[in-house]
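What follows is calculated from the coordinates using simple rules that are stated; it is not laboratory data. Because the structure is predicted, anything quoted here is derived from the model rather than measured. Ideal geometry is used to build each Cβ from the backbone, glycine not excepted, and the neighbour counts take in all protein chains shown.
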Amino acid sequence: MPRVALIVFSFVLLYFQAAFAQKDVSLGQAAALEAEGRWEEAANLYQDYLKKNKDEKVYDLLFNLLKDNGDIDGAEKCLKEAIKAFPQRVELPVVLYNLYRQNSNDKKAEKQFERILKNLKANNSDIQRIGNAFMYSKNTEQAKKVFLKGRELLHDKSAYGFQLGNIFLQEGDYESIAKEYLLMLEENPLNIPRIQTNLAALFAKDSANLIKSVETNWEKLYKTNKNNLPIAQFGLWLYCQADQTDKAFEMAKQIDRTFDHSSGATVADFASDMDNAERLIPAEKAYKYIIDKGEENVFYQRCLSGYANVKYKAFMQNPSNKKPLDNLLKLFDDIFNKYGFSRDNFTPIMQDCELLAFHAGQPQKAVDILSQCIASNSFSTNQKAEMKLLSAEIYNVNGDSWQASLLCWQVEKDCPNSPLSDRAKFFKAMLSYYNGEIEWALSQFKALRASTTKLIANDALEYSVLIEDSRDDDSTFRAMQWFAYAEREREYRNYDNAEAYLDTIMQSYLYHPVFDECIYLRAVMAKEQGGFERADSLFKELLLKYPYDLTADDALMQLADIAQNQYNDTLAAKEYYQRIILDYPTSLYVTQARKKLKQLEK
């Protein structure tokens with residue numbers, strides 16, 4: 001009996017092997033004939049095969065073969081057979097619709113679409129596949145009708161909102177886009193992250209029209225849903241996107257009163273967001289709102305530091321105006337009196353010491369504060385390294401380059417192979433440079449060009465190029481030494497001495513590659529001293545005489561800053577940012593210029 005079973009099994013196995021071999025032979029022959037251009041013979045082989053085997057891939061091969069060779073009737077017949085054989089392939093009726101459309105058979109196409117809609121079932125996956133198939137073939141009107149019919153079948157009035165939003169975008173129908181997204185927001189708050197991501201991308205393409213439509217529809221929705229937190233939070237986000245900071249601040253306060261039990265959580269986050277976006281005025285208002293709640297508020301310390309940070313940034317935009325300085329220093333003293341010199345106050349400590357050393361004429365007080373913090377156990381190794389670097393800068397400005405070098409060496413030792421270590425090495429190279437040791441400084445700058453810190457690498461490269469391009473005819477660096485001394489005196493705030501070194505360069509040569517740097521340095525010093533008209537004139541002179549030198553894009557950024565923050569000339573600022581983007585596309589300032597330009601255009 002086992003022997004009989006074995007014989008039967010062997011015959012069955014041979015049968016199936018022969019069948020599969022026959023399949024491979026016939027399909028292989030068809031493919032070979034197709035490659036030779038004998039498509040009709042290939043089609044016959046495919047058709048013979050399909051009479052015995054219902055294979056969806058072979059149907060696809062046959063359909064494309066017939067369609068590509070102009071046998072539209074044969075392609076239609078093949079496709080109808082495939083639709084009948086594989087009803088789960090719900091995209092095939094869409095392919096048939098496209099076949100009719102492509103061959104100008106509009107009546108058949110219309111009937112086919114009616115059939116698709118009629119046969120549509122309450123199956124989310126099928127609806128998406130059919131709708132997407134229409135979208136991929138650029139039949140957006142049909143896709144829209146499929147998704148809307150699917151919405152009815154599923155009894156979900158916000159279903160397929162993202163797909164419909166994309167269709168309305170192609171049609172330029174901003175009003176409908178707004179309604180779709182807000183409908184999804186109202187029906188399912190869990191959609192908020194995706195809604196915001198999609199809308200942010202759409203705003204980047206056409207912000208004014210779309211934001212206006214979304215804002216108008218949101219305000220209508222909010223009037224009837226004032227106790228709906230997700231809708232309120234979306235409004236806050238929307239106003240921020242539209243750069244309507246006053247409305248955003250009012251919305252944040254409304255959320256605070258209605259949902260946060262006046263804890264200030266939303267307003268504190270709004271203040272931080274505005275601070276990070278360099279929107280100093282709304283950030284200041286929001287921080288002040290929390291501070292006014294009193295010291296018992298959980299966000300008080302954070303917002304007091306944030307408030308000081310905003311005031312510090314505002315001062316640094318025009319440090320020649322010393323009027324706000326005393327109040328700012330008192331504000332920092334208030335923070336330290338309340339909370340001490342702690343890790344949480346690291347940023348205020350650094351800002352306070354910078355102001356004391358470089359703007360208030362109190363370098364010793366700054367060094368004493370930093371030394372006290374470095375000696376304590378309240379700060380991390382990296383924070384102490386930052387403090388040592390600032391101390392080194394203060395010592396250097398006050399003529400103690402040896403102590404500055406010692407602190408840099410300590411940072412290299414404490415934080416090896418780190419960005420902080422690279423900063424220390426760069427600062428030591430700058431000390432050599434300031435002392436006129438140009439050859440040694442050049443070797444250090446060259447080594448630092450491989451730094452993993454992009455800013456250090458770029459600065460090192462800039463100084464390397466500057467020094468190498470500024471070698472005198474006798475292969476010395478006499479002019480470069482004078483320029484280095486001028487930069488050192490500028491760091492010391494000895495502007496008259498710096499000007500004297502620059503005069504020496506300009507009077508000693510008819511031309512020198514460092515001339516553009518001299519003009520730039522003079523302009524920067526004028527700006528630092530509040531001479532904005534002179535600075536503006538010098539930066540423009542530089543661009544006129546040296547439009548292709550290293551300092552050209554720097555000059556444009558400086559001009560934009562003066563126009564925006566000193567003259568309140570938005571049009572001029574926009575023009576300077578645009579020139580950076582268009583005329584200097586490889587500039588390191590391009591990203592920053594785009595960001596600034598976008599803010600101004602809003």
In nanometres, the difference between 0.36 nm per residue of separation and the alpha-carbon distance of Ile281 and Lys446 is 55.2 nm
The range 56-189: spread of alpha-carbon positions along the three principal axes, whole Å, largest first, is 50, 28, 24
Relative to the chain, whose Cα atoms define the longest principal axis, helix 72-85 and its Cα axis are tilted in degrees, nearest 10, by 90
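How big is the C-alpha Rg of the range 302-368 next to the rule-of-thumb value 2.2 N^0.38 Å, as a ratio? Kindly include the intermediate steps, with their values, before the conclusion.
On the way: Rg = 11.1 Å, N = 67, 2.2 N^0.38 = 10.9 Å.
Cα-based Rg divided by the globular estimate yields 1.02.
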For the range 450-511 the chymotrypsin sites (Phe, Trp or Tyr not before Pro) that pass both the DSSP coil test and the at-most-12 other-Cβ-within-10 Å test are Tyr511
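Counting only C-alpha contacts under 8 Å and six or more residues apart, can you give the relative contact order of the range 471-601 as a whole percent? Intermediate values should be presented prior to the final figure.
On the way: 126 pairs, mean separation 17.6, N = 131.
Taking the mean separation of contacting Cα pairs over the length of the range 471-601, I get 13 percent.
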Taking max minus min of the Cα coordinates of the range 157-242 on each principal axis, largest first, gives extents in Å of 34, 27, 20
The Cα extents of the range 18-130 along the principal axes, largest first and rounded to whole Å, are 44, 31, 19
Residue by residue through the range 323-334, the couplings from Karplus 6.51 cos²θ - 1.76 cosθ + 1.60 with θ = phi - 60°, in Hz, x for Gly and Pro, are 4, x, 5, 4, 5, 5, 5, 5, 5, 5, 4, 4
Chymotrypsin sites (Phe, Trp or Tyr not before Pro) in the range 193-280 lying in a DSSP loop, each with at most 16 other Cβ atoms within 10 Å of its Cβ, come to Phe259
Nearest-0.05 FRET efficiency for Glu41 and Glu81 at R0 = 30 Å, using Cβ-Cβ distance, is 0.90
Between the modelled labels at Ser125 and His155 (7 Å from Cα along Cα→Cβ) the distance in nm is 2.3
Within the range 537-567, the residues whose backbone N lies under 12 Å from a label point placed 7 Å from the Cα of Glu528 along the Cα-to-Cβ direction are none
Looks like the range 173-318, by Cα gyration tensor root eigenvalues a ≥ b ≥ c and the a/c under 1.5 rounded cutoff (else prolate when a/b is bigger than b/c, oblate otherwise), is oblate
Inter-part gap, Cα centre of the range 110-183 to Cα centre of the range 374-439, in whole angstrom, is 63
Taking a crude spin-label model, label points 7 Å out from Cα along the C-beta direction, the Lys226 to Lys57 distance in nm is 6.5
Phi angles of the range 408-419, converted by Karplus (6.51 cos²θ - 1.76 cosθ + 1.60, θ = phi - 60°) into ³J(HN,Hα) in whole Hz with x for Gly and Pro, give 5, 4, 4, 5, 4, 6, 6, 10, x, 6, 9, x
Relative to the chain, whose Cα atoms define the longest principal axis, helix 381-397 and its Cα axis are tilted in degrees, nearest 10, by 40
Excluding residues fewer than 8 positions from Lys598 in its own chain, the lysines with Cα under 20 Å of it are Lys205, Lys212, Lys247, Lys574
The simple spin-label model distance between Leu148 and Phe162, using points 7 Å out along Cα→Cβ, in nm, is 2.3
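In percent, how large is the relative contact order of the chain, given Cα pairs closer than 8 Å and 6 or more residues apart?
Values: 616 pairs, mean separation 25.1, N = 602.
Reported relative contact order: 4 percent.
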Cross-link reach from Lys384 to lysines, straight Cα distance under 25 Å and at least 8 residues apart if same chain, gives Lys311, Lys313, Lys330, Lys338, Lys365, Lys413, Lys425, Lys428, Lys454
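In terms of the Cα gyration tensor, with a ≥ b ≥ c the square roots of its eigenvalues, is the chain rounded because a/c is under 1.5, prolate because a/b exceeds b/c, or oblate? Please list the in-between numbers first.
On the way: a/c = 2.50, a/b = 1.90, b/c = 1.32.
Prolate shape, in that a/c is at least 1.5 and a/b is the bigger ratio.
Please compute the length gained on full extension between Gln566 and Glu601, using 0.36 nm multiplied by the number of residues separating them and subtracting their Cα-Cα distance. Can you show the working numbers first?
Details: separation 35, 0.36 × 35 = 12.60 nm, distance 1.83 nm.
In short, 10.8 nm is gained.
Hull surface divided by four, with the convex hull built on the Cα atoms of the range 471-601: how many nm²?
Details: hull surface 33.5 nm².
Answer in nm², one decimal: 8.4.
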Sequence order, the range 301-314: Karplus ³J(HN,Hα) from phi using 6.51 cos²θ - 1.76 cosθ + 1.60, θ = phi - 60°, Hz rounded, Gly and Pro as x, gives 4, 4, 7, 5, 5, x, 4, 5, 4, 5, 5, 4, 4, 5
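With n ≥ 4 as the cut-off for DSSP H runs, can you work out [θ] at 222 nm for the chain, using -39500 (n - 2.57) per run divided by the number of residues, rounded to the nearest 500?
On the way: 32 runs with 464 residues, N = 602.
After summing the helix terms and dividing by residue count, I get -25000 deg cm²/dmol.
For each of His359, His261, count neighbouring Cβ atoms within 10 Å of the residue's Cβ, then give the residues from fewest to most.
Arranged by neighbour count, lowest to highest, His359, His261 become His261, His359.
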Residue span Tyr511 to Glu114: 0.36 nm per residue of separation minus Cα-Cα distance leaves a gain in nm of 134.8 nm
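Is the C-alpha gyration tensor of the range 90-151 telling us rounded, prolate or oblate? Criteria: a/c under 1.5 is rounded; beyond that, a/b larger than b/c is prolate, otherwise oblate.
Values: a/c = 1.93, a/b = 1.64, b/c = 1.18.
It comes out prolate by the Cα gyration axes.
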Tilt, helix 552-565 to longest principal axis of the chain (alpha-carbon atoms), in degrees rounded to tens, equals 80
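What FRET efficiency comes out for the pair Ser320/Asp503, r = Cβ-Cβ distance, R0 = 22 Å, nearest 0.05?
Details: r = 22 Å, r/R0 = 1.01.
The formula returns an efficiency of 0.50 here.
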